[in-house]
Structure formats: structure tokens, C-alpha cells
Amino acid sequence: MQNRRMFLGSAAAAGVGTAVGGVFFQGFDTHAQAHDTADPLMAELRNQIVSTVVAIRKGRGNAGEHARRIAAQIRLVNAHGIGAAIDAQLRALLREEGRDALLAREINPAMLASELRAVGVERLPALSVTYADRARVLDATVRNGMAATLATLAAGFEQVAPALDRRGVVAVALQNDETCWQWLLTLSGVESLLVDWCALGIDMCWLIVALFVAYASFMCSLGCACIV
């Protein structure tokens, strides 16, 4: 897809939030960081996920296996009850501030840059998420729950793994290939989730940043779109 903005417009019309599992959100603050590192299991999962994404960025190892490993790591995060905790935080924010106020929040560029550097990305990507995308993702999250979103993201990484086995992690020229369509729908949904997650100030912004970078790196290696 050579014109990514044109693609994203089409994806929005198709209902990207629903296409990627229909659930999404989180953010990041000092309290969230402290909670993250105080939980030994989550601290270890964070180290493993970040290490995997850095390996993807550096072209180390088998890309398909990296995708499967991330899928398994997401499922471990889900099994640890993160989805239910995030749902509770989101409901509390909605009661306190309301939907419109949450959608008006903006992502902190310095925080996002710090999280991106942790997984080997030195510049902020050009994000194309619209207000409508964010609203669709927020509404789907409230409706379906965060655990369902995480499960869908895990499935998305598994689904792209066979193609990565065939192609490897080598950037290639962009191609106008319809086989990229569903993958790019997933990427667009993850991007919308990233903006909402990291703007709301709940927990786990680092996780969706890592997943976005991993999936975007895979899309570049498969010749669909290069944005990180």
C-alpha cells in the first residue's frame, strides 16, 4: 500500500477498531511504572517482550519465531489478569471524567519517545490516528473488555508468523499487494490503541508501544508499509 493515509481512511470506513478485536486502551504514569516493576512476573514479562522487540529491530533470529513468542507473551500477560485490571481503571476514568474528556487527552511526546527508545526506535513515527479512530477503539474497549483485545492481538501475531518464516526480516520495496490488507488493518488498530492507551494514563503503555513497533517492523519486512 503506497499511500498509507489513503489506506487508513479506507480502514476507518471498514471499522478498524472492530477488525482488530474490538477492544483497546492504556496509558502510563509514575504510579503505573512503580506497580509494573513491583510485580516480579510482570517485570520479567516486560524484560522478555522488550528483548524480543529489540531483536526484531536488529534483525536477529527468526522473525516468524519472534512473532509466535510475542503471541505467547501476550497470553501470559492476559493470564496474569491485566485485562480485568485495565477494565476497572477505564471504568473509573469514565465515571470521573466522561468519554469526551478522555478522548480529548493527548499523548505525551516525551513519554512516547522514551518508550520507543526502549525498544530501539530513535524517532517518533508519523501517526495517522484520527479522533474517530480513537472513539471507535474506546467504545469497543468498554463494550468487549481488554482481555478480548489482548487475545486478538496475540492471534494477529500468530497469523503473520508463516509469512515471516518465508520472508525473513529484510526490508523490501513497498508493494501494492492485497495480501497486505488484513495485516495493515491490524497495524492500524494497534496504532489507534497505542494513542489511546498512552494518552489515558492507565497502565502498560510500554506494552502497546512494544507491540506496535514489533508489528510495524514485520510490515516493513513483508513489504507492506515502513513507518518505524
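Is there a residue in segment 209-216 that is surrounded by fewer than 24 Cβ atoms within 10 Å (Cβ to Cβ) and over 19 Å from V54 (Cα atoms)?
no
Can you name the residue in segment 187-211 that is among the charged types (D, E, K, R) and touching a Leu at 6+ places or on another chain (Cβ under 7 Å) and is also modelled with the lowest pLDDT among such residues? If you could, list the steps in order and put the result at the bottom.
Of the residues in segment 187-211, the ones among the charged types (D, E, K, R) are 191, 196, 203.
Still in the list and also touching a Leu at 6+ places or on another chain (Cβ under 7 Å): 191, 196.
Working: E191: 93, D196: 89.
Ranking the qualifying residues of segment 187-211, first place goes to D196.
Is it the case that R117 is among the charged types (D, E, K, R), under 17 Å from A210 (Cα atoms) and exposed (fewer than 14 other Cβ atoms within 10 Å of the Cβ)?
Criteria met by R117.
At pLDDT below 90, within 23 Å of A140 (Cα to Cα), surrounded by fewer than 20 Cβ atoms within 10 Å (Cβ to Cβ) and touching a helix residue (DSSP H, G or I) at 6+ places or on another chain (Cβ under 6 Å): does that describe A85?
Details: at pLDDT below 90: yes; within 23 Å of A140 (Cα to Cα): yes; surrounded by fewer than 20 Cβ atoms within 10 Å (Cβ to Cβ): yes; touching a helix residue (DSSP H, G or I) at 6+ places or on another chain (Cβ under 6 Å): no.
When the stated conditions are applied, A85 does not pass them.
Buried (at least 21 other Cβ atoms within 10 Å of the Cβ), more than 24 Å from A135 (Cα to Cα) and either more than 18 Å from the chain's Cα centre (by Cα) or modelled with pLDDT of 95 or more (or both) - does that describe any residue in segment 34-46?
No, every residue in segment 34-46 fails to be buried (at least 21 other Cβ atoms within 10 Å of the Cβ), more than 24 Å from A135 (Cα to Cα) and either more than 18 Å from the chain's Cα centre (by Cα) or modelled with pLDDT of 95 or more (or both).
The values are calculated or read from the model by the stated rules, or taken from the named source; none is laboratory data. This structure is a prediction, so every number in the text was calculated from the model and none was measured. Neighbour counts run over all protein chains shown; Cβ positions are idealised from the backbone, glycine included.
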